[in-house]
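Here's the structure, in structure tokens; my notes come after.
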Amino acid sequence: MKRKALQLVLCLCMIFLITGMIILPGFIRESFAAEPIKIGFIGALSTPYGASNKASLEISIDEINKAGGIMGRPVELITEDWKREIPLAVAAYKKLVMKDKCLIVFTEGTEGSTACAQLGARLYSTYPHLMFSFWSAHESLMDLVGNEYNKYKFMFRVYSNTADSYNPAFGFNDFFKQTVGTKKLALLIEDIGWTEVYRNGRPGVYPTLKEYLEKDGIQVVYEGKTDIKEKMFLPILEKVAASGADTIYWVTGYTDTVTLVKQWDQSPAKDMDLILMSGAVSYAAFWKMTGGRALGVTAMWPEIPIPFTNKSKPFLDELKARGSGLLASTYGAYDGPWILKAAAEEVGDFDVEKLIKAIEKGEFRHSSWIWAFDKRHEPKKGYPYLPNIMGQFQEDGRYIVVLPQKLIEVTNPKAKYVRVKDLRKRAGQ
Amino acid sequence: MVHIIESILVYAIVLGSLYLLVSLGFSLICGVLGIFNLGYGATFLVAIYGMWMFMATFGLSLWPAIVCVFVLQFLFTLGVIYFPIVKRYIEKEELLLTSLLLMSLIVEETVNHFYPITAGVDIPTAIFTGTMQIGSTNIPTQMLVVVIAAFLVTALYVLFLLKTKIGFKIRAISQNSEAAKLLGVRLERIYPLAMILAVIPPTICMLVIAPVWAIEPMMGASLLQTAILVTILGGLGNLRGTIIASFIVGLIASVVAFAGNPRLVGMAILIVVFFVLIYKPQGIAKSETLW
């Protein structure tokens, strides 16, 4: 009797064991499949850029989840605020990679991204992950992957950098010579880390911006450096006016472009074309901020909704509905998770090494241009790859695309760049 | 050369007037209450964003909005700065400075929340547009308004302090508050009055420079820095010193900008203030009294 009972128990155990062996892996797989893919974002959330990047990532991730996630796994966004303080960025990166186990971390800002890249390189072997950075303009960042591939291969940049101004694919000098019609240029550069190459050049690699422009036949008749805290631009504008320049190219990023434009409009330099690089001038609201004094001002990365693909408009509508602006890094923030999804689905895996190879080899397009990365993990340049977009404020604050030609055709085919003097005449000023 | 000298002189007056309007109120509080008002930066924000709120949000036209912004400024100064903070902590310096700074940051964050830079804030207070030529130097005509406003406001304040009974009391407090108290001056009445008087120049300043200046939520900090710099150079709480210091700073800025490198203006001002403090720590005028 005892023996029979023992046999029965053994049989039951075997049945449980076999059943378990059949069901358990599936069960484990099911449980694992429900685990979300975590995406981290470190942004200065109180700034327009941080808010726009966050909203873009949220929209992107919402859409990916509605479309079934990435290979059936939902995507979760974890956001951290670095308040533009490097120690906070480093602490946030550490948390996102080590504690939250994020597969990819989006970072912004040159200083923040550089610090995170250094930390990421140390963590990578233990915590394999990817890093996408935007708003990291310093040209030294782009050499990291090129010079020490194995150390920094996890890092991709989804925004253009300082050295792009030297890239013929962007047609920057042609813009001055052909579109604007510049004969004599006043070149002003804000004196801060990210403009170092422009001011000092890099021996054997890049000339100074002045040398580069002059080599291409643009005569620079005035050159100056400006403090990013500057509020009184009138003396500089007075000097620029006396230089005989017909165009002012002011490399701005952190400079107070609102004050600059208000004072330019009431200075002897007001009939000179004013080309600014970035800053508040890129916002559509800049027109209102300057009380309409931005007539004729041109800037890079203007806040203009451009219909790149059929996905652009729904995204931009949603972005607007969420109260966020369209800024330079917005497309990168929105397209970033889609690049990850495409790469993961291509390799059928979340193995970071495989993902890196897939991103390196692939070409991706969602709401904007084609994303393809070179050996330094820099985006390929020149439309249909990453474009250099320039916009000009015309009458009634209309912000129109004036570069590149292909985007003019799809955005404002009838409008073109008009010299400031002519715009003022047209506006009856 | 003549053009450079002309430009230096014109801009020394223009910039000096601007610095004077920015610093006058700060200096007054220093002189009367004997405190470093680290909440002074918020005054600029209340002025400019108050105007915007009344015009854009409540739909008021320019003049009613200006009246309302002065009322708002007075209410803010008394209701948020003076009674809850200054009056309570006037003898406890660390608490006073911390509270004032915190209040300033709260105002900054609030403004940034409701009217971030992308809100496109602009105040249509331009009396003149375009430029005017003085000799061979061009300046925005609106800057002439800044100069006139600075001279008028300063003259009125000086007359008020020298010729009125309340002015005498204010000066008495600035010289020795305990002695003034013994002679029957009621500090609890003069202090709030001085606080109110101190917010008028920055409010006027904001209204007249808005057409040539950016309006953004963080602007208070840099204006506070200017006010501190000028007031220290002039001698803490001495209006005469503040007037002279404003034009000295204006002169340094324009000399460096026109005869040297505009990039070095900020550094040159800091260096001059630093050396003045080393060799004349009390500033240009010894701050025994407000005037």
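Remarks
- When segment A:201-224 is filtered for residues that are within 14 Å of chain B (Cβ to nearest Cβ) and surrounded by fewer than 18 Cβ atoms within 10 Å (Cβ to Cβ), the ones remaining, listed by number, are A:223, A:224.
- Check on residue B:176, surrounded by fewer than 16 Cβ atoms within 10 Å (Cβ to Cβ), modelled with pLDDT under 95, more than 24 Å from residue B:48 (Cα to Cα) and not hydroxyl-bearing (Ser, Thr, Tyr): yes
- Scope segment B:203-217; condition out of contact with any Pro (no Cβ under 6 Å at 6 or more places or on another chain), facing another protein chain (nearest Cβ under 10 Å) and not aromatic (Phe, Trp, Tyr); matching residues: B:209, B:210, B:211, B:214, B:215, B:216, B:217
- Residues of segment A:390-420 classified as in contact with a strand residue (DSSP E or B) (Cβ under 8 Å, 6 or more places away or on another chain) and assigned to a helix (DSSP H, G or I), total: 4
- Reported count of residues in segment A:254-280, each being aliphatic (A, V, I, L, M), more than 10 Å from chain B (Cβ to nearest Cβ) and either on the phi > 0 side of the Ramachandran plot or touching a Gly at 6+ places or on another chain (Cβ under 9 Å) (or both), is 2.
- Looking at B:197, B:182, B:159, B:144, just one residue is hydrophobic (A, V, I, L, M, F, W, C) and buried (at least 19 other Cβ atoms within 10 Å of the Cβ), and that residue is B:197.
- Residues (surrounded by fewer than 17 Cβ atoms within 10 Å (Cβ to Cβ) and without any contact (Cβ under 8 Å) to a residue 60 or more places away in the chain) located in segment A:405-415: A:405, A:406, A:409, A:413, A:414, A:415
- Of all the residues in segment A:343-361, those that are part of a helix (DSSP H, G or I) and in contact (Cβ under 8 Å) with a residue 24 or more places away in the chain number 7.
- Output for segment B:219-236, where each listed residue is out of contact with any Asp or Glu (no Cβ under 8 Å at 6 or more places or on another chain) and within 14 Å of chain A (Cβ to nearest Cβ): B:219, B:222, B:223, B:224, B:225, B:226, B:227, B:229
- First in segment A:390-404 and among the hydroxyl-bearing types (Ser, Thr, Tyr), second anywhere and buried (at least 24 other Cβ atoms within 10 Å of the Cβ), Cβ under 8 Å, 6 or more apart: A:399/A:302; A:399/A:391; A:399/A:392; A:399/A:393
- Subset of segment A:79-115 [in a helix (DSSP H, G or I) and of a type outside the set (A, V, I, L, M)]: A:87, A:93, A:94, A:95, A:99, A:110, A:111, A:112, A:113, A:114
Residue-by-condition table, conditions (1) among the small types (Gly, Ala, Ser); (2) under 29 Å from residue A:45 (Cβ atoms); (3) touching a residue at least 24 places away in the same chain (Cβ under 8 Å):
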| position | (1), (2), (3) |
| --- | --- |
| B:80 | no, yes, no |
| B:87 | no, no, yes |
| B:97 | no, yes, yes |
| B:122 | no, yes, yes |
| B:126 | yes, no, yes |
| B:143 | no, no, yes |
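- Members of segment B:237-273 that are more than 8 Å from every other protein chain (Cβ to nearest Cβ), over 23 Å from residue B:149 (Cβ atoms) and outside any helix (DSSP H, G or I): B:260
- Any hit, segment B:232-247, residues being charged (D, E, K, R), free of Cβ contacts under 8 Å to residues at least 60 places away in the same chain and out of contact with any strand residue (DSSP E or B) (no Cβ under 8 Å at 6 or more places or on another chain): yes
The values are calculated or read from the model by the stated rules, or taken from the named source; none is laboratory data. All values derive from a computational prediction rather than experimental measurement. All Cβ positions, even for glycine, are placed from backbone atoms using ideal geometry, and neighbour counts span all protein chains on display.
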